[in-house]
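Peer 1: One structure is given below, represented as structure tokens, and several questions about it will come after.
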Amino acid sequence: NAGVTQTPKFQVLKTGQSMTLQCAQDMNHNSMYWYRQDPGMGLRLIYYSASEGTTDKGEVPNGYNVSRLNKREFSLRLESAAPSQTSVYFCASSTPFEAFFGQGTRLTVV
Amino acid sequence: AQSVAQPEDQVNVAEGNPLTVKCTYSVSGNPYLFWYVQYPNRGLQFLLKYITGDNLVKGSYGFEAEFNKSQTSFHLKKPSALVSDSALYFCAVRDQNYGQNFVFGPGTRLSVLP
């Protein structure tokens, strides 16, 4: 039972490049999330999806897009990466009573 | 709107001593409250939660937390700290009546000194 799987684990991008972070969960959860973690800021919600086919903006959505491809998969896309998007990105899925996190993607934009 | 405050960036405690990591929250409805722990270069791991019922909840690795509705607090405690408890701890809240989101505090770094 893998839980929440994120790929890639590490990525370096040049300013202006695009990329997609992949996330998949095998727990049959309806809700999925993308957070970014920056020092002293905790985890800030970028986008979430309450169910297949729905997505909503979180606290810091600018510069990102998401796709809830099916119940298992929730991807995060950076269309034109900026140095301010250097961060650690976490995908999560949840029941109403507990959130489960992936191992994170460490992204550096140079 | 939901929010979580963790007033201490860093907590230092000697091994064997009791530890407390503080958390206060704000929600418009009734809260679900959580503690997560993050070890270096890892994702967040669930420690414990308060959903309803007894205000004192027990979780993994000997941790416990007390829900105090009047003080809107959910402090994490452990009677005897271990060096291996050194990590980053996050408090989170979810409003039972509003939205789907888990809102996290900024985190408190716990260092247990041998």
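Coordinate-derived values only; no laboratory data. This structure is a prediction, so every number in the text was calculated from the model and none was measured. Please note: Cβ atoms are built from the backbone with ideal geometry, for glycine as well, and neighbour counts cover all protein chains shown.
Peer 1: One residue is enough: does the stretch B:53-66 have a residue meeting the conditions within 23 Å of A:K57 (Cα to Cα) and touching a Pro at 6+ places or on another chain (Cβ under 8 Å)?
Peer 2: Of the residues in the stretch B:53-66, the ones within 23 Å of A:K57 (Cα to Cα) are none.
Taking every residue of the stretch B:53-66 in turn, none turns out to be within 23 Å of A:K57 (Cα to Cα) and touching a Pro at 6+ places or on another chain (Cβ under 8 Å).
Condition check ((1) without any contact (Cβ under 8 Å) to a residue 40 or more places away in the chain; (2) in a strand (DSSP E or B); (3) out of contact with any strand residue (DSSP E or B) (no Cβ under 9 Å at 6 or more places or on another chain)) across all residues:
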{"site": "B:F46", "(1), (2), (3)": "yes, yes, no"}
{"site": "B:K49", "(1), (2), (3)": "yes, yes, no"}
{"site": "B:D54", "(1), (2), (3)": "yes, no, no"}
{"site": "B:S84", "(1), (2), (3)": "yes, no, no"}
{"site": "B:R94", "(1), (2), (3)": "no, yes, no"}
{"site": "B:V112", "(1), (2), (3)": "no, yes, no"}
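Peer 1: Identify the residue in the stretch A:99-110 that is touching a Leu at 6+ places or on another chain (Cβ under 6 Å) and either surrounded by fewer than 17 Cβ atoms within 10 Å (Cβ to Cβ) or farther than 30 Å from B:N30 by Cβ (or both) and, among all such residues, is nearest to the other protein chains (Cβ to nearest Cβ). Before you say what the answer is, go through the steps one by one.
Peer 2: Applying the first criterion (touching a Leu at 6+ places or on another chain (Cβ under 6 Å)) to the stretch A:99-110 yields A:101, A:105, A:109.
Still in the list and also either surrounded by fewer than 17 Cβ atoms within 10 Å (Cβ to Cβ) or farther than 30 Å from B:N30 by Cβ (or both): A:105, A:109.
Details: A:T105: 10, A:V109: 19 Å.
That would be A:T105.
Peer 1: Which is surrounded by fewer than 16 Cβ atoms within 10 Å (Cβ to Cβ) and either of a type in the set (S, T, N, Q) or more than 11 Å from every other protein chain (Cβ to nearest Cβ) (or both), of A:P83, A:P96? Explain how you work it out, then say what you get.
Peer 2: Numbers: A:P96 fails: either of a type in the set (S, T, N, Q) or more than 11 Å from every other protein chain (Cβ to nearest Cβ) (or both).
Result: A:P83 is the single residue among A:P83, A:P96 that is surrounded by fewer than 16 Cβ atoms within 10 Å (Cβ to Cβ) and either of a type in the set (S, T, N, Q) or more than 11 Å from every other protein chain (Cβ to nearest Cβ) (or both).
Peer 1: Among the residues of the stretch B:82-101, count how many are surrounded by 23 or more Cβ atoms within 10 Å (Cβ to Cβ) and away from every other protein chain (no Cβ under 12 Å).
Peer 2: The number of residues fulfilling the criteria is 0.
Peer 1: Also: I'm trying to understand the selection: among the residues of the stretch A:57-75, which are surrounded by fewer than 22 Cβ atoms within 10 Å (Cβ to Cβ) and either within 8 Å of another protein chain (Cβ to nearest Cβ) or of a type in the set (A, V, I, L, M, F, W, C) (or both)? Full working, then the answer.
Peer 2: Of the residues in the stretch A:57-75, the ones surrounded by fewer than 22 Cβ atoms within 10 Å (Cβ to Cβ) are A:57-65, A:67-73, A:75.
Correct list: A:G58, A:V60, A:L69.
Peer 1: Also, I was wondering about something else. Of these, B:F63, B:F104, B:F74, which one is in contact (Cβ under 8 Å) with a residue 24 or more places away in the chain, more than 11 Å from every other protein chain (Cβ to nearest Cβ), within 19 Å of A:P96 (Cβ to Cβ) and hydrophobic (A, V, I, L, M, F, W, C)?
Peer 2: That would be B:F74, the only listed residue that is in contact (Cβ under 8 Å) with a residue 24 or more places away in the chain, more than 11 Å from every other protein chain (Cβ to nearest Cβ), within 19 Å of A:P96 (Cβ to Cβ) and hydrophobic (A, V, I, L, M, F, W, C).
Peer 1: For the stretch A:64-110, list the strands (runs of 3 or more DSSP E) that sit wholly inside it and hold at least 3 residues that are more than 16 Å from A:Y47 (Cα to Cα); which are they?
Peer 2: On the way: elements: A:64-68, A:74-78, A:87-95, A:98-101, A:105-109.
It comes to A:105-109.
Peer 1: Would you confirm whether any residue within the stretch B:42-49 is away from every other protein chain (no Cβ under 11 Å) and touching a Lys or Arg at 6+ places or on another chain (Cβ under 9 Å)?
Peer 2: No, the stretch B:42-49 contains no residue that is away from every other protein chain (no Cβ under 11 Å) and touching a Lys or Arg at 6+ places or on another chain (Cβ under 9 Å).
Peer 1: Of everything in the stretch A:1-29, what is surrounded by 16 or more Cβ atoms within 10 Å (Cβ to Cβ) and either part of a loop (DSSP other than H, G, I, E, B) or among the charged types (D, E, K, R) (or both)? Give them in sequence order.
Peer 2: Within the stretch A:1-29, A:H29 is the sole residue that qualifies.
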